[in-house]
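J.: Can you keep this structure in mind? I'll have questions shortly.
The values are calculated or read from the model by the stated rules, or taken from the named source; none is laboratory data. No experiment lies behind these values; they were computed from the predicted model shown. No Cβ is skipped: glycine too gets one built from the backbone with ideal geometry, and neighbour counts run over all protein chains shown.
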Amino acid sequence: MPQRIYLDWNATAPMRPEARTAITDAMVDWANPSSIHADGRAAKAMLEGAREDVAAALGCRARDVVFTSGGTEALTLGLHGTMFERRFVSAIEHDAVLASVPEARRLPVTQDGIVDLDTLRDAVAGEPALVAVMHANNETGAIQPIEDIAEIVADADGFLLVDAVQTVGKLALPSADMVTMSGHKVGGPPGIGAMIVRDRSRLNAVQKGGGQERGLRGGTENIPAAVGLAAALKAAQNDWLTEARRRHNRLEEMVKEARGEVFAEGIDRLPNTSLIRLPGAPASTQLMQFDLAGFSVSSGAACSSGKVGAGHVLAAMGVPASMAGEAIRVSTGWSTTDEDVDAFADAWLDLAERKRAA
Ligand code: PLP
């Protein structure tokens, strides 16, 4: 069996060894951090230590960090904890947003996948509103102009929620009323995430339970996962991003030379993400062929059903379904090597040549 090459880091990043060690250590002695006995107090200290470390790594205040079970829960608590009648979400948000507030008005994006600022400005004028825009898109890697968006929303006295699930550990934390992140995207464990809430007075508790996380997220805290997340963020260096950019540039050049297509090309994008199209090859066929050849890539957004679909992101960018259905996503991480990406490029070229010959 050939060694597998994992190129699906935007779906889940493999756990960092530092996180694994920290979790194992934390599993030994812990108790309920709400208990007042010595074991409970030690557990509380562990939890608060993890919070301090997460805050230090993100560059925010520890008291603004609210642990959740992941990105989806953080987004849900934000979307439903803010009591605005009017809600706007970008058309390229993750399903964790779109399915949570299906009634929200969708903000269009340009053909490069960037939120249209003029439409946003017109939409938020008048009554204060909630606006949810992701920092970078999980499929194309397109980085949104969050500073401009924040200014527009603040001018209208609105509330800006930024989904930073794909950018934490890669880009500086965006400035917004609330930012969300997820542990399993940054080399931490699954089952943990966080929301960073700068002004708690603007957010109501959706999930009250026992009043944990200063009343914003009830339920006994997942200390081993919080400690693992803190260790992963502490270990995360973003020096690999320069290398990633070089590798992806080379891959994309090759794709274009072979008459393939790169989506959201030429805009500010995550350096580890390429959404590429092989004309004439349905994404499902590509995924199967690459899987057999030992490569884990995806067709954009991974979802629980494992379905392969054209997806709402490319549709929102005006890409016809026939073309969108031929796109696959290659996403890399800190342990990806030149050899990994070059081997995939060879496999892609091979498939492109076979398609052409067929
Ligand atoms: N937001 C984005 C941009 C994502 O890519 C994902 C996961 O794919 C989520 C939210 C959901 O995060 P989680 O899996 O931690 O619930």
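J.: On the basis of being in contact with a strand residue (DSSP E or B) (Cβ under 7 Å, 6 or more places away or on another chain) and within 12 Å of the ligand (Cβ to nearest atom), does Ser100 make the cut?
T.: no
J.: Right, here's the next one. Cβ contacts < 7 Å: first residue closer than 12 Å to Gly81 by Cβ and touching a residue at least 24 places away in the same chain (Cβ under 8 Å), restricted to the stretch 197-224; second residue part of a loop (DSSP other than H, G, I, E, B) and of a type in the set (S, T, N, Q), any location; separation 6+ or different chain. Result?
T.: Close Cβ pairs (under 7 Å, with a partner that is part of a loop (DSSP other than H, G, I, E, B) and of a type in the set (S, T, N, Q)) amount to Arg202/Thr82; Leu203/Thr82; Arg217/Gln207.
J.: Which residues, counting only those in the stretch 179-210, are among the β-branched types (Val, Ile, Thr) and away from the ligand (no atom under 12 Å from the Cβ)?
T.: Residues of the stretch 179-210 among the β-branched types (Val, Ile, Thr): 179-180, 186, 192, 196-197, 206.
Residues satisfying the conditions are Ile196, Val197, Val206.
J.: Okay, next question. Within the stretch 82-124, how many residues are modelled with pLDDT under 95, of a type in the set (D, E, K, R) and under 12 Å from Val153 (Cβ atoms)?
T.: 0
One line per residue, one yes/no per condition, for (1) closer than 22 Å to Pro128 by Cα; (2) within 16 Å of the ligand (Cβ to nearest atom); (3) over 23 Å from the mean Cα position of the chain (by Cα):
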residue: Thr12; (1), (2), (3): no, yes, no
residue: Ala31; (1), (2), (3): no, no, yes
residue: Gly49; (1), (2), (3): no, no, yes
residue: Ala57; (1), (2), (3): no, no, no
residue: Leu79; (1), (2), (3): yes, yes, no
residue: Arg87; (1), (2), (3): yes, no, no
residue: Ala96; (1), (2), (3): no, yes, no
residue: Pro108; (1), (2), (3): yes, no, no
residue: Gly113; (1), (2), (3): no, yes, no
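J.: How many residues are closer than 23 Å to Arg121 by Cα, within 14 Å of the chain's Cα centre (by Cα) and more than 10 Å from the ligand (Cβ to nearest atom) if we restrict to the stretch 144-172?
T.: Final tally of qualifying residues: 3.
J.: If the Cβ limit is 6 Å and pairs must be 6+ apart or interchain, which residue in the stretch 323-336 that is within 11 Å of Ala244 (Cβ to Cβ) pairs with which residue that is part of a strand (DSSP E or B) and β-branched (Val, Ile, Thr)?
T.: Ser331/Thr273
J.: Across the stretch 172-211, what is the number of residues that are β-branched (Val, Ile, Thr) and closer than 20 Å to Ile149 by Cα? Break it down stepwise before answering.
T.: Here is the first cut: in the stretch 172-211, the ones β-branched (Val, Ile, Thr) are 179-180, 186, 192, 196-197, 206.
From what is left, the residues that are closer than 20 Å to Ile149 by Cα are 179-180, 196-197.
Looking only at that region, the number is 4.
J.: Under 8 Å by Cβ, and 6 or more places apart or on different chains, what pairs join a residue from the stretch 172-187 that is in contact (Cβ under 8 Å) with a residue 60 or more places away in the chain and on the phi > 0 side of the Ramachandran plot with one that is away from the ligand (no atom under 12 Å from the Cβ) and part of a loop (DSSP other than H, G, I, E, B)?
T.: Gly187/Pro14; Gly187/Met15; Gly187/Arg16; Gly187/Gly169; Gly187/Ala236; Gly187/Gly333; Gly187/Trp334
J.: Moving on. Kindly evaluate Ala129 against the criterion of being among the small types (Gly, Ala, Ser) and more than 16 Å from the ligand (Cβ to nearest atom). Break it down into steps so the answer makes sense when it comes.
T.: On the way: among the small types (Gly, Ala, Ser): yes; more than 16 Å from the ligand (Cβ to nearest atom): yes.
In short, yes.
J.: Could you tell me which of the residues Glu213, Glu243, Glu261, Glu221 is away from the ligand (no atom under 16 Å from the Cβ), on the phi > 0 side of the Ramachandran plot and surrounded by 17 or more Cβ atoms within 10 Å (Cβ to Cβ)? Break it down into steps so the answer makes sense when it comes.
T.: Values: Glu243 fails: on the phi > 0 side of the Ramachandran plot; Glu261 fails: on the phi > 0 side of the Ramachandran plot; Glu221 fails: on the phi > 0 side of the Ramachandran plot.
Among Glu213, Glu243, Glu261, Glu221, only Glu213 is away from the ligand (no atom under 16 Å from the Cβ), on the phi > 0 side of the Ramachandran plot and surrounded by 17 or more Cβ atoms within 10 Å (Cβ to Cβ).
J.: Run down Ala57, Ala50 and say which single residue is modelled with pLDDT of 95 or more, assigned to a helix (DSSP H, G or I), closer than 27 Å to Gly141 by Cα and not acidic (Asp, Glu). Full working, then the answer.
T.: On the way: Ala50 fails: closer than 27 Å to Gly141 by Cα.
Being modelled with pLDDT of 95 or more, assigned to a helix (DSSP H, G or I), closer than 27 Å to Gly141 by Cα and not acidic (Asp, Glu) holds for just one of Ala57, Ala50, which is Ala57.
J.: When you go through (1) touching a residue at least 40 places away in the same chain (Cβ under 8 Å); (2) part of a strand (DSSP E or B); (3) out of contact with any Ser or Thr (no Cβ under 6 Å at 6 or more places or on another chain) one by one for Leu160, which number turns out not to apply?
T.: (1) is the only condition that Leu160 fails.
J.: Residues being in a loop (DSSP other than H, G, I, E, B) and modelled with pLDDT under 95: count how many of those fall in the stretch 183-210.
T.: Total satisfying the criteria: 10.
J.: Here's something else I'd like to know. Can you say whether Ala176 is more than 11 Å from the ligand (Cβ to nearest atom), surrounded by 24 or more Cβ atoms within 10 Å (Cβ to Cβ) and within 30 Å of Ala327 (Cβ to Cβ), as far as the supplied structure shows?
T.: Answer is yes for this residue.
J.: Go through the residues of the stretch 227-235 one by one and say whether even a single one is under 30 Å from Val28 (Cα atoms) and either surrounded by fewer than 18 Cβ atoms within 10 Å (Cβ to Cβ) or at pLDDT below 95 (or both).
T.: Step one: list which residues in the stretch 227-235 are under 30 Å from Val28 (Cα atoms), which gives 227-235.
Restricting the remaining residues to those that are either surrounded by fewer than 18 Cβ atoms within 10 Å (Cβ to Cβ) or at pLDDT below 95 (or both) gives 234-235.
The answer is yes, given that some residue of the stretch 227-235 is under 30 Å from Val28 (Cα atoms) and either surrounded by fewer than 18 Cβ atoms within 10 Å (Cβ to Cβ) or at pLDDT below 95 (or both).
J.: Out of the residues in the stretch 90-117 meeting the condition of being of a type in the set (A, V, I, L, M) and closer than 20 Å to Ala74 by Cα, tell me which one is surrounded by the fewest Cβ atoms within 10 Å (Cβ to Cβ).
T.: Only one residue tops the list, namely Ala99.
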